[in-house]
Amino acid sequence: MPVGTLGTVKALDPADLSAIGASMVLANAYHLHLRPGDDIVRELGGLHAFMRWSGPILTDSGGFQVFSLAQLNDVTEDGVAFRSHLDGSMRHFTPESVMRIERNLGADVVMQFDHVIPGESDHPHSREASERSLRWLERCRTEFARLAPEFAAQEQALFPILQGGTHADLRIDAASAIRGMDDWHGFAIGGLSVGEEKRLMYATTSATTAALPEDKPRYLMGVGFPEDLIECVGRGVDLFDCVAPTRMGRTGAAFTRDGRINVKNAAWRTDRRPLDAECPCSTCTRFDRAYIRHLFHAEELLGYRLLSLHNVHFLIALMREARTVIANAKYASWSAAWLERYSAGNHTTDQ
């Protein structure tokens, strides 16, 4: 899912997303609540009408942003009091208020409000956050159902979020508790890719997906580098999101099958090759490295757009290819070869 935090995937038009095969996008309840306001978005017809995107939309509840961006936050059992990172105004999020915000936004998939803590937190703190997230989930579920008649015109699904840090026992306990609460449409794995080592992220993902139903979507939140997608699809994950493709695109980094490259490299001054010779995106089929390098050194906005378009296309195409090889029962051999080539390229300094 390309990330459109504020109702836009940075530098890209919704028509671009449709053209490259995106089927679902993510927006953020925290940011849209602060600006322009979830009540205004609702008045304007909801996120689909507001951002001119007709496909499915998932809204993150803002839990991660409350704990990472807010200038100050105070966590209690009731919820979180925090100062807006925009103007310093005091705000208060509870499971109930966040359900109202996400219902107002009109997303197809609504995420619960959860307690997010730093990566590799110790067992006691991870247990506390996981158990609080479970209690908040029950409150989210109750409020989500209470609001249903008011929002009957649009079908919306509530996804729970599993917390537990990098501790497999806490993840398994959370999965058991959540499965016992309701017949959910899908499950999210939160609290990973927040500073822990990749080996721990992969191991925790494996332990968590093993404790979840195979016939419901499993969503690994905030993960989106190519190697992580490949590794975690192999561990049973179905949905991903990450700001990486557009954020990296704005800094001059591009994904290719032969590793990540920096378009600002001096060796590209007269290089007529595309970013990735095997990529059919409009950036790679129309423009060469020399021109894109020029755009970045000249600080031309087209450079940011071209790389963002390529990077988002690259990840969507990668997942499309993964679906094909899964259907043909060839994922293990394909993923091993793909990762070997990508890793070898990342060790090459002059591409």
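Only one of Leu239, Leu275 is buried (at least 21 other Cβ atoms within 10 Å of the Cβ), under 21 Å from Tyr304 (Cβ atoms) and not charged (D, E, K, R); which?
Working: Leu239 fails: under 21 Å from Tyr304 (Cβ atoms).
Exactly one residue qualifies, and that residue is Leu275.
Do the conditions hold for Phe255, that is, is it under 26 Å from Asn28 (Cβ atoms), not small (Gly, Ala, Ser) and not assigned by TED's automatic domain parsing to the domain that holds Pro160?
Details: under 26 Å from Asn28 (Cβ atoms): yes; not small (Gly, Ala, Ser): yes; not assigned by TED's automatic domain parsing to the domain that holds Pro160: yes.
Considered against the rule, which asks whether it is under 26 Å from Asn28 (Cβ atoms), not small (Gly, Ala, Ser) and not assigned by TED's automatic domain parsing to the domain that holds Pro160, Phe255 comes out as yes.
Give the residue, chosen from Gln65, Gln71, Gln112, that is of a type in the set (S, T, N, Q), modelled with pLDDT under 95 and within 26 Å of Phe240 (Cβ to Cβ).
Numbers: Gln71 fails: within 26 Å of Phe240 (Cβ to Cβ); Gln112 fails: modelled with pLDDT under 95.
The conditions single out Gln65.
Give segment 217-226 a look and list any residue that's without any contact (Cβ under 8 Å) to a residue 40 or more places away in the chain and touching a strand residue (DSSP E or B) at 6+ places or on another chain (Cβ under 6 Å), or say none. Spell out how you get there, then give the answer.
Going residue by residue through segment 217-226, those that are without any contact (Cβ under 8 Å) to a residue 40 or more places away in the chain are 217-218, 220, 223, 225.
Passing the criteria: Pro217, Arg218, Leu220, Val223.
Return the pairs, sorted by first residue and then second, in which the second residue is surrounded by fewer than 20 Cβ atoms within 10 Å (Cβ to Cβ) and of a type in the set (S, T, N, Q), the first residue lies in segment 45-58 and is free of Cβ contacts under 8 Å to residues at least 60 places away in the same chain and closer than 21 Å to Leu158 by Cβ, the beta carbons are less than 9 Å apart, and the residues are 6+ apart or on different chains.
What qualifies is His48/Ser54; His48/Gln154; Trp53/Ser18; Gly55/Ser18; Gly55/Ser23; Pro56/Ser23.
For segment 258-351, which fully contained helices (runs of 4 or more DSSP H) count at least 2 residues that are within 18 Å of Phe225 (Cα to Cα) and within 25 Å of the chain's Cα centre (by Cα)? I'd like the intermediate steps shown before the answer.
Values: elements: 282-286, 289-297, 301-327, 331-346.
Counting at least 2 such residues, we get 301-327, 331-346.
So which of Ala277, Ala327, Ala298, Ala332 ends up being farther than 23 Å from Gly21 by Cα and free of Cβ contacts under 8 Å to residues at least 40 places away in the same chain? First the steps, then the outcome.
Working: Ala277 fails: farther than 23 Å from Gly21 by Cα; Ala327 fails: farther than 23 Å from Gly21 by Cα; Ala332 fails: free of Cβ contacts under 8 Å to residues at least 40 places away in the same chain.
Ala298 is the lone residue from the list that is farther than 23 Å from Gly21 by Cα and free of Cβ contacts under 8 Å to residues at least 40 places away in the same chain.
From Thr251, Thr246, grab the single residue that is among the β-branched types (Val, Ile, Thr) and assigned to a helix (DSSP H, G or I). Can you show your working first?
On the way: Thr251 fails: assigned to a helix (DSSP H, G or I).
Sole residue among the options that is among the β-branched types (Val, Ile, Thr) and assigned to a helix (DSSP H, G or I): Thr246.
Considering only segment 237-279, state which residues are closer than 28 Å to Tyr202 by Cα and hydrophobic (A, V, I, L, M, F, W, C). Write out each step before concluding.
Looking only at segment 237-279, we keep the residues that are closer than 28 Å to Tyr202 by Cα, and these are 237-262, 276, 279.
If the condition is that a residue be closer than 28 Å to Tyr202 by Cα and hydrophobic (A, V, I, L, M, F, W, C), then Val237, Leu239, Phe240, Cys242, Val243, Ala244, Met248, Ala253, Ala254, Phe255, Ile261, Cys279 are the ones that fit.
Restricting to helices (runs of 4 or more DSSP H) lying wholly in segment 99-212: which have 3 or more residues that are within 19 Å of the chain's Cα centre (by Cα) and surrounded by fewer than 22 Cβ atoms within 10 Å (Cβ to Cβ)? Steps first, please.
Numbers: elements: 123-146, 168-181, 198-209.
By residue number, 198-209.
Kindly establish whether Ala267 is at negative phi and either free of Cβ contacts under 8 Å to residues at least 40 places away in the same chain or surrounded by 18 or more Cβ atoms within 10 Å (Cβ to Cβ) (or both).
Values: at negative phi: yes; either free of Cβ contacts under 8 Å to residues at least 40 places away in the same chain or surrounded by 18 or more Cβ atoms within 10 Å (Cβ to Cβ) (or both): no.
Answer is no for this residue.
Out of Leu302, Leu318, report the one residue that is surrounded by 14 or more Cβ atoms within 10 Å (Cβ to Cβ), in contact with a helix residue (DSSP H, G or I) (Cβ under 8 Å, 6 or more places away or on another chain) and closer than 21 Å to Lys264 by Cβ.
Numbers: Leu318 fails: closer than 21 Å to Lys264 by Cβ.
Within the list Leu302, Leu318, the selection yields Leu302.
The values are calculated or read from the model by the stated rules, or taken from the named source; none is laboratory data. The structure presented is a predicted model; accordingly, all values stated were derived computationally and were not measured. Positions of Cβ are generated from backbone atoms using ideal geometry, with glycine treated the same way; all protein chains shown enter the neighbour counts.
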